[in-house]
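The values are calculated or read from the model by the stated rules, or taken from the named source; none is laboratory data. No experiment lies behind these values; they were computed from the predicted model shown. Quick reminder, even Gly has a Cβ in these numbers, built from the backbone with ideal geometry, and neighbours come from all protein chains shown. We work out accessible area using only protein heavy atoms, side chains counted, and drop any ligands, DNA or RNA first. Shrake-Rupley method; radii C 1.70, N 1.55, O 1.52, S 1.80 Å.
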Amino acid sequence: MGIVNVTPDSFSDGGRGAAEALAHAERLLREGAEILDIGGESSRPGAPAVSVEDELARVLPVLRGALALGVPLSVDTCKPEVMRAALDLGADIVNDIRALQEPGALALVAAHPRCGVCLMHMQGEPRSMQAAPHYQDVVTEVADFLRERADACRAAGIAAARLTLDPGIGFGKTVEQNFALLPGQHALLALGYPVLAGWSRKSSIGAVTGRPVGERVHGSVAAALAAVQHGARVIRVHDVAATVDALAVWRAAGLSPTEA
């Protein structure tokens, strides 16, 4: 899953307009992306809220252009209004950091006949989530939350085949908690749904490597390989070419994901 940010303030690659975002999307596909994830609101720690109108103005022109690219399109949003507009245009996936908890979001997605949905765990809110993350057992608590949200989706009529789970790396977790969630992915896989992992360029990579955000490609690729080794089915990345090449060598070496 290649990341297409259409925001002025994303932590590593903001500032693109619609034309630049579409050109970036095309480049990601040439590099080997199989899904494009288009987002118009930054969820970095401390990010300010964005109005529905501003988010729609950022996302919809890019989505319209990307429909001709012939790959599944994901919209990265927690706003039901943006979900509705994107799905009406032809988006294939809703990628929601709030796991369809906003009023109206669950019913909206449930009423759609086919779209996929990624449910993510986040402790707190983007503006304050990294202030003091606290868990008794991060793996158990993340798994319990995602189980509850998946159950709510199923109860609303969303088929299991439409669901993917994301442990929410960097969303209200310390460095140690994030890395505990790598082997902890097996607790999510045991719930019976695919796992999406998003480690790309995040602060935990910087904490381990000492690298600033623009120099985290190697650490991000290593984290992507580790996530796949622990069973992740979707890897959300900025650096598609590097990740695709690393996975190709990884597979050629005869490596395979561990069993859940």
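Observations
- Considered as a group, the residues in the range 71-86 that are within 20 Å of Arg236 (Cβ to Cβ) and of a type outside the set (Val, Ile, Thr) include one that is surrounded by the fewest Cβ atoms within 10 Å (Cβ to Cβ), and that residue is Pro72.
- For the range 34-75, the set of residues classified as touching a residue at least 60 places away in the same chain (Cβ under 8 Å) and either part of a helix (DSSP H, G or I) or of a type in the set (Asp, Glu) (or both) consists of Asp37, Ala66, listed by residue number.
- Scan of the range 30-52 for residues that are modelled with pLDDT of 90 or more and under 15 Å from Arg236 (Cβ atoms), ordered by number: Glu31, Gly32, Ala33, Glu34, Ile35, Leu36, Asp37, Ile38, Gly39
- Tally, over the range 188-226, of residues that are under 13 Å from the mean Cα position of the chain (by Cα), within 23 Å of Glu148 (Cα to Cα) and among the small types (Gly, Ala, Ser): 2
- Looking across the range 191-214, the residues that are of a type in the set (S, T, N, Q) and touching a helix residue (DSSP H, G or I) at 6+ places or on another chain (Cβ under 6 Å) come down to Ser200, Ser204, Thr209.
- Test result for Thr174, out of contact with any helix residue (DSSP H, G or I) (no Cβ under 8 Å at 6 or more places or on another chain), among the hydroxyl-bearing types (Ser, Thr, Tyr) and surrounded by fewer than 24 Cβ atoms within 10 Å (Cβ to Cβ): yes
- If you go through the range 231-248 and keep only what is open to solvent by 20 Å² or more (accessible area, probe 1.4 Å) and not hydrophobic (A, V, I, L, M, F, W, C), you end up with Arg233, Arg236, Asp239, Asp245.
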